[in-house]
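Have a look at the structure below, then the notes.
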Amino acid sequence: ADPAGGQAYGKRSGCVMASNHPIGVFDSGVGGLTAVKELRALLPHEDIVYFGDTSRAPYGNRSRDTILRYARQDVNFLLSQKVKMIIAACGTVSSVAASMGQSLPVPFTGVVTPTCRAAVKATKNKRIGVIATAATIDSGSYRKELNALHPEIQVFEQPCPLFVPLVENAFIDPGDQVTNLVAQRYLSGLRGAGVDTLILGCTHYPIISAIISKAMGDQVTLIDSGRETAVYAARLLKDQQLLASGGQEGRNAFYVSDSVDGFNQIADIFLGREMNHSACRINIEEY
Ligand code: DGL
């Protein structure tokens, strides 16, 4: 099985999808907004439906069974919105529930394959660092994929469990003292290991990329899983002739499973106020 679930299933017979249907993106919380931001820039005419499972985030320290159950419900919600493609914009789901893409009626991608391909292209010294949630690091998904792409690459991994709650609670200003301190503590080992490329293997992390970059030093290239996945998804849609044909601006719909206030606050900072991102709350247990 493809560890990222990066296969395309769009041409399966019996699927109901059309190029004017929205792209579905989900994450445990706000992290997937990093993919939405990039998708919006790459594909301005596409409608996007986003679901952030804010009432059950974080996923990254939960068991495999729980992550699988949550991911299935997230996907069911997006399918109910008649999406033409699903992006698991969550490193944890992409690592733990990778094979779920095989049974979906629409094209699916996680973040692991797109991100690893970009990292292999970027590295010069073949030393790549991976930071992600504990569940992602435990799964070995990035390491396996990197070594499958290039057996000589040395992979250095570090779980960073405090980053997600810091991001979810908007401790994201580049000068934030707490987040800078946590970053230095987590990243000093990777810096010492001499990696020239660092995979932000959790989609929450690009939101604090300025802080991570400061802790790693300018010479280290950061690979943003949200961005690389958006590029990969755009190519997949093009190959499957599923790009929206209309010339009008794409619409966004945001759904969360907890109070909309915290989400709107981060979305404001991260996506900018010019993008309408007011969210609706749904009961994900119904899916
Ligand atoms: N967005 C998730 C990921 O990329 C991190 C948050 C979580 O642990 O749920 O792994």
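The values are calculated or read from the model by the stated rules, or taken from the named source; none is laboratory data. Every value quoted in this text rests on a predicted model; they were computed, and no experiment measured them. Note: ideal-geometry Cβ built from the backbone for every residue, glycine included; neighbour counts use all protein chains shown. Surface areas here come from the heavy atoms of the whole protein model, side chains and all, with no ligands, DNA or RNA. Shrake-Rupley method; radii C 1.70, N 1.55, O 1.52, S 1.80 Å.
Assuming R0 = 35 Å, what is the FRET efficiency of L181 and H45, from their Cβ-Cβ distance, to the nearest 0.05?
On the way: r = 43 Å, r/R0 = 1.22.
It comes out at approximately 0.25.
Under the rule of -39500 (n - 2.57) per DSSP H run of 4 or more residues, summed and divided by the residues of the chain, what mean residue ellipticity at 222 nm is obtained, to the nearest 500 deg cm²/dmol? Before the final figure, lay out the partial values.
Working: 11 runs with 116 residues, N = 287.
Mean residue ellipticity, 222 nm, calculated: -12000 deg cm²/dmol.
Working note: Debye formula, equal point scatterers on the alpha-carbon atoms of the stretch 113-181, no solvent; log10 I(q)/I(0) at q = 0.11, 0.18, 0.29 Å⁻¹ is -0.34, -0.76, -1.18. Note on the stretch 218-287: Cα-only Rg and Dmax are 16.1, 47 Å.
Take the solvent-accessible surface of the protein heavy atoms, probe 1.4 Å, and return the percent of it on the chain that carbon and sulfur atoms account for. It is 48 percent, rounded to a whole number. Helices in the chain that qualify as membrane-span-like (whole DSSP H runs, Cα extent of at least 18 Å along the helix axis, mean Kyte-Doolittle hydropathy of -1.0 or higher) are 64-80, 177-192, 225-239.
Efficiency by 1/(1 + (r/R0)^6): what FRET value for D196 and N147, r their Cβ-Cβ distance, R0 = 25 Å, to the nearest 0.05?
0.90
Assuming charge only on the beta carbon of Lys and Arg (+1) and of Asp and Glu (-1), the dipole of the stretch 172-282 about its Cα centre is about 180 debye to the nearest 20. What the stretch 34-90 shows is 35 Å² of accessible area per residue, with the surface traced by a 1.4 Å probe over protein heavy atoms.
To two decimal places, what compactness ratio does the chain give when its Cα radius of gyration is scaled by 2.2 N^0.38 Å? Don't skip to the answer; put the middle values down first.
Values: Rg = 17.6 Å, N = 287, 2.2 N^0.38 = 18.9 Å.
The reported ratio for this selection is 0.93.
Among the lysines of the chain, pairs at least eight places apart or on separate chains and with Cα atoms under 20 Å apart come to 10. Binning the alpha carbon pair distances of the stretch 166-287 at 5 angstrom intervals from zero yields the distribution 2, 9, 14, 16, 17, 16, 12, 9, 5, 1, 0, expressed in whole percent.
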